[in-house]
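Read-outs throughout are calculated quantities, based only on the coordinates presented, and are distinct from any laboratory measurement. Quick caveat, the model's predicted, so the values are computed rather than measured. Virtual Cβ from ideal backbone geometry, glycine too; neighbours counted across all protein chains shown.
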């Protein structure tokens, strides 16, 4: 046996570092193991205001502020000549009214570096290859960067491994999401015409066609993240290398064709992400809890990934602390049920986006400002605020409103 800690955290992304920091500040020993070498790229570059509460409780907020990332005040949706603009200052729920847009390689490294500064050990290029769970501890086998195999004894495990999905993979807990498979093709683009476009601090979502959309996420470093998301067969009409496909896609969207004409990609080659939606049978078990994308990753359309990662880590960390203190924790009622509720709210809006119901709501003429504020709170990540009727009865109210607007449109 090589090391003993109170808590082993798998993954040094936002979920892992937030959980580790909250647990560490309660006086428990924490070790993070991370398979990759940092900095490294990952999707999920546009945060939501609800993330800020988790970063603040984890005492990571000031370290992020010091980096000067691009402030994000809202989200703009564009469909041909129709525009829907949400500003987080107009949301229903009391909470943070802004957040950041971040190159994730820089953001994640900032969180990890701050954890190390606090005294939390991080082992990079270290892969978990086996876990044995006993009554009061687990033995975790890891393969280090030099190829050596060692073990760690931990009283509890937090799996924030993201797409690595370590515990679901090792224990056969994975299952397919109810969402259909989709594909994203994206790159960072140099954006010298951003000021001419007169776009304030926000993400822009373009509806390219009913099943395909585009994200445009400006960063403070002068680059902008541009990504196309749609059914996999949509991309088959674009031939050539990934770069040629990406440039053809940009040229096919009028506003982007002007904004990015003859500009350079910040990467040598665009990236592809496909069939990302997956979930698990349970978010917890004897001696472990799953956080972040390990629980479920839905879709990038409403930037829910880092929010679910942050909030699940915040929620799980406090329950782990109680568990280590000897308190009884009802993991189903206190963790899986509330996390599932938040995921289900986002799922309703994701489904309503792809089937067109949200287009009716977002681009309606003379929208109800009270309803707009409630939906704005969902887009800000406050999907646990059940005083918001578009959270409490999300499926019913979204569908009822969309049907009402469709009928109203037909009668004109």
Roughly what would the spin-label model give for residue 129 and residue 333, points 7 Å off Cα along C-beta, in nm?
4.3
Could you check the spin-label model distance between residue 40 and residue 384? Points 7 Å from the Cα along Cα→Cβ, value in nm.
2.8
Taking the beta-carbon count within 10 Å as an exposure proxy, list 47, 247 from fewest neighbours to most.
247, 47
Take residue 261, project a point 7 Å from its Cα along the Cβ direction, then tell me which residues of the stretch 153-194 have their backbone nitrogen under 18 Å from it.
190-194
Distance-filtered residues of the stretch 253-267 - backbone nitrogen under 17 Å, label point 7 angstrom along residue 221 Cα→Cβ:
264-267
Taking the simple approach of a point 7 Å from Cα along Cα-to-Cβ for both residue 136 and residue 286, what is their distance in nm?
1.5
Counting only DSSP beta bridges fully inside the chain, the antiparallel percentage to nearest 5 is 70
Over the stretch 356-411: Rg over Rh, Cα atoms, Kirkwood Rh
0.97
Translational diffusion coefficient of the stretch 69-198 at 25 °C, 0.890 mPa s, Stokes-Einstein with Kirkwood Rh over Cα pairs, in µm²/s as a whole number.
123
The extension gain from residue 153 to residue 66, computed as 0.36 nm times the residue separation minus the Cα-Cα distance, is 27.8 nm
Determine the distance separating the Cα centre of the stretch 1-71 from the Cα centre of the stretch 368-412; give it in Å without decimals.
33
Using only the Cα atoms of the stretch 8-129, what semi-axes does the equivalent ellipsoid have when each is the square root of 5 times a gyration tensor eigenvalue? Give whole Å, largest first.
30, 17, 11
If you average the alpha carbon positions of the stretch 231-249 and of the stretch 147-191, how far apart do those two centres end up, in angstrom?
27
